1. Could you list, in sequence order, all residues of segment 48-70 that are part of a loop (DSSP other than H, G, I, E, B) and either within 19 Å of Phe138 (Cα to Cα) or of a type in the set (A, V, I, L, M) (or both)?
2. With more than 19 Å from Thr34 (Cα to Cα) and among the aromatic types (Phe, Trp, Tyr) as the only criterion, which of Phe110, Phe164 stands out?
3. Please state which of the following conditions Phe35 fails to meet, knowing it meets all the rest: (1) within 16 Å of the chain's Cα centre (by Cα); (2) open to solvent by 70 Å² or more (accessible area, probe 1.4 Å).
4. Do you know which residues across segment 128-145 are touching a residue at least 12 places away in the same chain (Cβ under 8 Å) and open to solvent by 60 Å² or more (accessible area, probe 1.4 Å)?
5. Looking at Val116, Val183, Val177, which one is in contact with a strand residue (DSSP E or B) (Cβ under 7 Å, 6 or more places away or on another chain), open to solvent by less than 30 Å² (accessible area, probe 1.4 Å) and farther than 15 Å from Glu36 by Cα?
6. Please determine whether any residue of segment 84-93 is in contact with a Lys or Arg (Cβ under 7 Å, 6 or more places away or on another chain) and within 18 Å of Ile56 (Cβ to Cβ).
7. Collect the residues in segment 71-86 that are small (Gly, Ala, Ser) and either part of a helix (DSSP H, G or I) or surrounded by 15 or more Cβ atoms within 10 Å (Cβ to Cβ) (or both), keeping them in residue-number order.
8. Which one is farthest from Ala168 (Cα to Cα) among residues in segment 1-28 that are of a type in the set (Ser, Thr, Tyr) and at pLDDT 95 or above?
Amino acid sequence: MHQFIRSALFVSLAATAFAAPEVYTIDPSHTLPTFEVKHLGYSTQRGSFDKSSGSITLDLAAKKGATDITIDTTSLRTGWEKRDAHLKGEDFFNTAKFPTMTFKSNDFKFAGDQLVSVVGQLTLLGVSKPVTLKVTDFKCSPHPMSKKPTCGADAIATIKRSEFGMSAYVPAVSDEVTLRIQVEASQ
């Protein structure tokens with residue numbers, strides 16, 4: 001009988017420990033926020049932000065999560081220095097005044113064990129608006145090299161940049177912008 005009680009207590013404690021929220025730190029070497037915008041209807045121009053940081057809190061048993069991601073807008077890169085300088089200027093990201101943008105959420109949506117979307121607030125140019133990131137890929141497991149618990153996801157959203165006060169050259173440079181975030185985070 002004592003063995004049964006000890007076993008039941010152990011299982012109960014293990015389940016409680018497993019169900020606790022776990023904090024993962026963003027791996028900046030495997031996280032790359034990118035954007036896509038139409039240029040004059042001719043082409044899709046792409047850019048990335050090379051520096052990002054933050055954390056993700058997950059409680060997979062309770063199907064809950066939170067995130068706080070900061071993207072360094074001064075790390076913007078499109079592959080052409082003159083365009084980068086223009087995008088960092090007052091017409092677009094105004095990085096001298098707004099060197100970061102953030103995405104914060106405590107509303108993770110799951111379908112079974114799969115994370116399918118994250119609803120949060122994107123703050124860009126000092127303006128915060130609700131944005132839903134659709135999660136197209138999600139995986140948590142021990143990292144094969146570091147052995148640390150690691151989670152990764154690909155997420156996508158479309159925003160209207162004019163809603164954040166970035167309206168220069170609309171519609172020649174499209175108002176709709178596709179945001180993509182590929183993220184990995186470890187404990």
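1. Leu60, Ala61, Ala62, Lys63, listed by residue number.
2. From the options Phe110, Phe164, the qualifying one is Phe110.
3. With (1) within 16 Å of the chain's Cα centre (by Cα); (2) open to solvent by 70 Å² or more (accessible area, probe 1.4 Å) applied to Phe35, the lone miss is (2).
4. Within segment 128-145, Lys129, Thr132, Lys134, Thr136, Asp137, Lys139 qualify.
5. Val183
6. Scanning segment 84-93, I find no residue that is in contact with a Lys or Arg (Cβ under 7 Å, 6 or more places away or on another chain) and within 18 Å of Ile56 (Cβ to Cβ), so the answer is no.
7. The answer is Ser75, Ala85.
8. The qualifying residue farthest from Ala168 (Cα to Cα) is Tyr24.
The values are calculated or read from the model by the stated rules, or taken from the named source; none is laboratory data. No experiment lies behind these values; they were computed from the predicted model shown. Backbone-built Cβ (ideal geometry, glycine too); neighbour counts: all protein chains shown. Heavy atoms of the whole protein, side chains included, go into the accessibility calculation; ligands, DNA and RNA do not. Shrake-Rupley method; radii C 1.70, N 1.55, O 1.52, S 1.80 Å.
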